[in-house]
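The values are calculated or read from the model by the stated rules, or taken from the named source; none is laboratory data. Please read these numbers as outputs of a predicted model, since none were measured by experiment. Don't worry about glycine lacking a Cβ; one is built from the backbone with ideal geometry, like all the others, and counts go over all protein chains shown.
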Amino acid sequence: MPVAVITGASSGIGLATADALLRAGYRVAFFSHQPERVQAAAGALSASYGAERIKSAVVDLRDPEAVRRFFGDLAAHWPTPSILVCNAGYSPKRNGGRIPLAEIDLAGWEEVLGINLTGALVCCQCVLPAMAERRYGRIVFIGSLAGRTMPRIAGAAYSASKSGLAGLARSIVSEYSRFGITANTITPGRIVTDMTGPTDSLVNKEALTRIPIGRLGRAEDIARAIAFLVAPDADFLNGAVLDINGGEFTPP
C-alpha cells in the first residue's frame, strides 16, 4: 500500500486530500502545527479508514530539524513515501486584508517563506533521495492564484512564496525526472477554508463576483485534482501549473 505524506492536513485542502487518498487506497502520514486540529483530523480519518493507515504528528514547518525527525520516524515504521503533497500555507492579514508591502518586517517575511517555501524544500529533500532510488515519486505543490496574477487579498510574502513553489517544481523536474519522479503545482483560486473565512464575508462576496462559474471553490475540488496528479498513470504530466479557480484566471 503506497504511502503519501501531506503537510498542513489537519483542515481544508489538506484534510480533503488525506480523505481522497485514503479512499483511493493509500496510507497517509500528515502533520500540522496545531495539536488540537491534528488530533481531531487523525481521529476522524481513523474512524473512517482505520488507524493503521494513518500517521499524524505536530510539526512546525519553520523548524527544519523537526521536519527531518518526522520523516525519520516515518521511515522507521512505514515504507518510503511515494507521494508528497506540500499543502501547508500561511497568509498573515491585517484587518482582513493584506499588509502593505512597505510595512512588512523581515521577521514576518521570513516566517511566511519559512512555512510556505523553505518548509516545502526541506520536505522534498527528505523524500527525493529515496524516491530516486526506487525510481518513482509524485510531488504536488499547492500554490495560489495570488502567485499567478496580481494579488487582491494576499500580501507580498504569501504571493512570492507561492509563486516560488512553481520554480521549485521546475527544479525538481530538471534534476529528478529521469528517476521517474514528477513534480506539479496546483494554483487554487478562492477556496472555502478556515484561512479564507466565512463564505458571507465581504471579501468572499467580492471574490464571488469575479468567478464565472458562480461559486467559491471547495477543498474537494482541489483534492480530486491532487488524486489525479499522484496516480501512476499521470507520469507524463510533469512540471505543469494547474489553475483551478472557476474561470477567474484564464491565461492563454
**Asked** With Gly143, Gly164 as the choices, which residue is in contact with a Ser or Thr (Cβ under 9 Å, 6 or more places away or on another chain) and either β-branched (Val, Ile, Thr) or within 21 Å of Gly189 (Cα to Cα) (or both)?
**Response** Gly143
**Request:** Could you tell me whether the stretch 12-26 includes any residue that is farther than 22 Å from Ala120 by Cβ and polar (S, T, N, Q)?
**Result:** no
**Fill in**
Here, strands (runs of 3 or more DSSP E) confined to the stretch 1-97 with at least 3 residues that are surrounded by 15 or more Cβ atoms within 10 Å (Cβ to Cβ) and out of contact with any Cys (no Cβ under 9 Å at 6 or more places or on another chain) are 27-32, 54-58
**Asked** Taking the stretch 162-194, which residues are at pLDDT below 90 and of a type in the set (Asp, Glu)?
**Response** Asp194
**Request:** Name every residue in the stretch 230-249 that is surrounded by 14 or more Cβ atoms within 10 Å (Cβ to Cβ) and acidic (Asp, Glu), in order of residue number.
**Result:** Asp243, Glu248
**Message:** Exactly one of these conditions fails for Gly197: (1) within 20 Å of Ser10 (Cα to Cα); (2) modelled with pLDDT of 95 or more. Give me its number.
**Reply:** (2)
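Each row is one residue, and each column tells you yes or no for (1) buried (at least 19 other Cβ atoms within 10 Å of the Cβ); (2) free of Cβ contacts under 8 Å to residues at least 12 places away in the same chain.
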{"site": "Ala156", "(1), (2)": "no, no"}
{"site": "Ser161", "(1), (2)": "yes, no"}
{"site": "Glu220", "(1), (2)": "no, no"}
{"site": "Phe228", "(1), (2)": "no, yes"}
**Asked** Taking into account only those residues within the stretch 180-196 that are under 12 Å from the mean Cα position of the chain (by Cα) and among the hydroxyl-bearing types (Ser, Thr, Tyr), which is nearest to Asp221 (Cα to Cα)?
**Response** Thr187
**Message:** Looking only at the stretch 163-173, filter to residues that are over 15 Å from the mean Cα position of the chain (by Cα) and touching a residue at least 24 places away in the same chain (Cβ under 8 Å); which one of those is surrounded by the most Cβ atoms within 10 Å (Cβ to Cβ)?
**Reply:** Ile172
**Asked** What are the pairs, 6+ residues apart or on separate chains, where a residue within the stretch 98-120 that is surrounded by 18 or more Cβ atoms within 10 Å (Cβ to Cβ) has its Cβ under 7 Å from a residue that is of a type in the set (Lys, Arg)?
**Response** Gly114/Arg62; Ile115/Arg62; Asn116/Lys162; Gly119/Arg62
**Prompt:** Residue check, Pro35 against (1) without any contact (Cβ under 8 Å) to a residue 40 or more places away in the chain; (2) closer than 30 Å to Arg152 by Cα, all met but one. Which one?
**Reply:** (2)
